[in-house]
Each structure stands twice: as C-alpha cells, then as structure tokens.
Amino acid sequence: MTALFSRQTSRGEVLSCGLKNGPQILVLQPLFDEANRCRRTIALMMRALASRGIGTTLPDLPGLGESLAPLAETRWEDWQTAVSDWVNDIRPVALAAFRGGALLDSVPGIVAHWRFAPETGARIVRDLERTRLTSSAADKDVLGGHKLAPAFIDALRTADLPSHSLMRTVRLESDATDADLHVPGSPLWRRAEPGEDAALAEALAEDLSQWINQCAAS
C-alpha cells in the first residue's frame, strides 16, 4: 500500500501521497470537525489514486488540524490565500474538494474541479449553531466548540459554492440533490467519531481518476 508522507509548502506541513512526476491533485478536506471524521476515508482515497499513478496533497487550513495558526484570529481571506499558495506550490491539474472545502475551490489557474457532497456556508454555520445549542457554551462566537471571529462567521455564512465550467459533482445515493454521480456509502461527517469507508474511498478514487484522465485527453 502506498504510504502517506509529510512535506513542506509555503503554508506549512501537508500530507502527500503518490509519485511527483505524474498528475497532481490538491485535496480540500471538509471544514472543522467534519475533517476529522472524514480524514481516514480521504487518506484511503489518496492511496487508491496513488496506485493509479495520480499524486495527491492534503493540507490543513490555517487554524485547523495540525496548523499552528490560532483559529480565533483567522480570517476567511486567510483560508482563500492559503489555497492559492498551495496551488502555486503544488501546481495541481485539479482540485478535489470535500463538503465545505468546495467553498474555497475557486482559484486562478485551476480549470478542473471535482467535488464530493459540497455544502454551502449557510448550512455549515447552521450545523455549528445546532452543536452550540446542545452544549454549555454561552459565547455566541463559539460554534461547534470553535472560537471564531464574528467577521469570519459572517463570511462563512454568506459563502456559496463557486460555479465552474469544468466541474464534476459526486454525492451519496442517500442525497437526492442533483449530481453527476451518486455512489453508495455513509455520511461520515455525521458520525459521532472518526470512521472509514473503504468501499466509498475506492469508488471516489475510481471516479476521480477516470474524470482526470478524460479532462487530460480533451
């Protein structure tokens, strides 16, 4: 099995997988705790893509995951800048965005966009607010256990999914929303604890690799 490994970009440490002399994909993972719940499945997908000759890079946004930046001081523009910097570092042929990561996939120089279960900023904020209602947190700037600047919350709430001319959207079979493909699997982001779905990871890797090859041939 191909191993994940860490490397440095101008924005800090990221996880990479696969050879560097083939096509590269920048993976934008879900936001906040959804990233933790989906990360193992995303890692399995990255390994499956590596076996197909496609390299992937998975960074942590400022303030999330292993990032040392304080989330409470992070601006929405900082996330947009980080993605742009990763694109400049990695030079990917496409962006693969999961859930709320798709809100950040509009970057100059990227033509091909692939999304899995993309979500709007308003729905993400509503989910975070529901978590606050079930917790003991009284601070209105603490959502889902995360201290966020008011301006950041406002920017996230109004963030919508960018439109692209070359884009493919994949969703779960249980999601009735329009998509180019619906696949079997479970909504990992809804689980109480991190888990994995190997079959889903393989299905996503197969679809993404075929789509990237089609884009390259066109």
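Here are a few things to note about the model shown:
- Global form of segment 73-218, assessed from the alpha-carbon gyration tensor, a/c cut-off 1.5: oblate
- Förster radius 22 Å - calculated FRET efficiency between GLU206 and GLU173, Cβ distance, rounded to 0.05: 0.90
- A Cβ-based charge dipole, computed about the Cα centre of the chain with Lys and Arg at +1 and Asp and Glu at -1, lands at about 200 debye.
- Take every pair of alpha-carbon atoms less than 8 Å apart whose residues are at least six positions apart; their mean separation over the length of the chain yields a relative contact order of 22 percent.
- Relative to the dominant Cα principal axis of the chain, helix 198-217 is inclined by about 60°.
- For segment 157-215: rounded, prolate or oblate by the Cα gyration tensor [a/c cutoff 1.5]: oblate
Bear in mind that the values in this text are calculations on the coordinates, not laboratory data. Small disclaimer: the values here were computed from a predicted structure and weren't measured. Cβ coordinates were reconstructed from backbone atoms using ideal geometry, including for glycine residues, and neighbour counts include every protein chain displayed.
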